[in-house]
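Have a look at the structure below, then the notes.
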Amino acid sequence: MNSPSPLPAPAPRKPQHTRTIECNGYVRDDGLYDVEGRLVDVKSIPFHNMDRGDVKPGEPIHEMWIRLTVDIDLNVVDVAACTVWGPYNMCGDIAPAFDCLKGLTIGPGWTRKTRELLGATRGCTHMVELLGPIATTAFQTIYAERVARDKREGKSEKPALIGSCHAYAPDSPVVAFRHPEYYTGPKKDAAG
C-alpha cells in the first residue's frame with residue numbers, strides 16, 4: 001500500500017502475507033468489454049513447498065489471471081483463465097474449467113452460480129474469489145454506457161444502484177438528489 005492507512009494505529013506487528021487483487025475494465029473496438037483480474041499472494045517469510053522447494057519472501061505463492069469478455073448486458077461471451085504461480089504443479093490444470101462461465105450473466109445470483117459451477121474440487125478457491133471483484137469491475141466499466149443506452153431507448157426502469165448500499169437507500173439524500181422519482185424518504189416543503 002503506497003499511502004498511510006487511515007485506520008487507527010495498530011499494535012506492533014510484522015508483515016506475514018500480502019494479497020493483491022487488481023481488476024481492469026476495457027472497451028474493445030468490436031463493442032464488447034474485457035475485464036481482467038489478477039490475484040497475487042506473497043509471503044514475507046520463506047517456506048518450503050513440496051513442488052516448488054524453498055519459496056523466498058516476496059516470491060508469489062499464487063498468481064492467477066482471469067479475463068471475462070462481456071457484452072453491454074453483462075452476458076459472458078468468452079473466458080480466459082490461467083495460473084502463472086500456484087503452490088502445486090497441478091494448480092493450473094483447472095483453468096479450462098472456467099469456460100463454464102460462458103453464457104452466464106453477471107448480476108443477481110452471480111456469486112452463488114459461480115460457486116455452484118466452480119466451488120470445491122470443481123475449481124480453484126482463489127480464482128473463484130477473484131470472480132467477485134471482476135464482476136464489480138465489469139459493472140463499473142459498463143454502467144455509464146448502459147444508462148446512456150437505456151436513456152436513448154426510452155427505458156425508465158428503476159436504476160440498479162437504488163437499494164444496493166447505504167448511500168443508495170431509497171430514503172437517502174443521494175437518491176433524493178439523483179433520482180427523486182424513486183425517493184421514499186420524508187418530503188421537504190418548499191420553505192425548508
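The values are calculated or read from the model by the stated rules, or taken from the named source; none is laboratory data. Keep in mind that this is a model prediction, so the values were computed, not measured. Positions of Cβ are generated from backbone atoms using ideal geometry, with glycine treated the same way; all protein chains shown enter the neighbour counts.
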- [ ] Can you tell me which residue among K151, K158 is over 30 Å from I66 (Cα atoms) and in contact with a helix residue (DSSP H, G or I) (Cβ under 9 Å, 6 or more places away or on another chain)?
- [x] K158
Task: Subset of region 161-181 that is at pLDDT 95 or above and hydroxyl-bearing (S, T, Y) - its residue that is nearest to G109 (Cα to Cα) - done: Y168
TODO: Could you list, in sequence order, all residues of region 163-187 that are farther than 29 Å from E22 by Cβ and hydrophobic (A, V, I, L, M, F, W, C)?
DONE: A169, V175, A176, F177
Open item on the list: Testing V79 on (1) within 22 Å of E145 (Cβ to Cβ); (2) part of a loop (DSSP other than H, G, I, E, B), one condition comes back false. Which one is that?
Closed with: (2)
Task: Of residues in region 143-192 being within 20 Å of the chain's Cα centre (by Cα) and of a type in the set (D, E, K, R), the one surrounded by the most Cβ atoms within 10 Å (Cβ to Cβ) - done: R146
- [ ] Restricting attention to helices (runs of 4 or more DSSP H) lying wholly within region 96-183, give those where 2 or more residues are touching an Asp or Glu at 6+ places or on another chain (Cβ under 8 Å) and not basic (K, R).
- [x] 125-152
Task: Within region 86-142, considering residues that are surrounded by 14 or more Cβ atoms within 10 Å (Cβ to Cβ) and aromatic (F, W, Y), the one nearest to D34 (Cα to Cα) - done: F139
TODO: Tell me, please, whether a residue that is over 30 Å from N49 (Cβ atoms) and in contact with a helix residue (DSSP H, G or I) (Cβ under 8 Å, 6 or more places away or on another chain) can be found in region 131-146.
DONE: yes
Task: Matching option when the condition is closer than 22 Å to C23 by Cβ and touching a Gly at 6+ places or on another chain (Cβ under 6 Å), among T137, T125 - done: T137
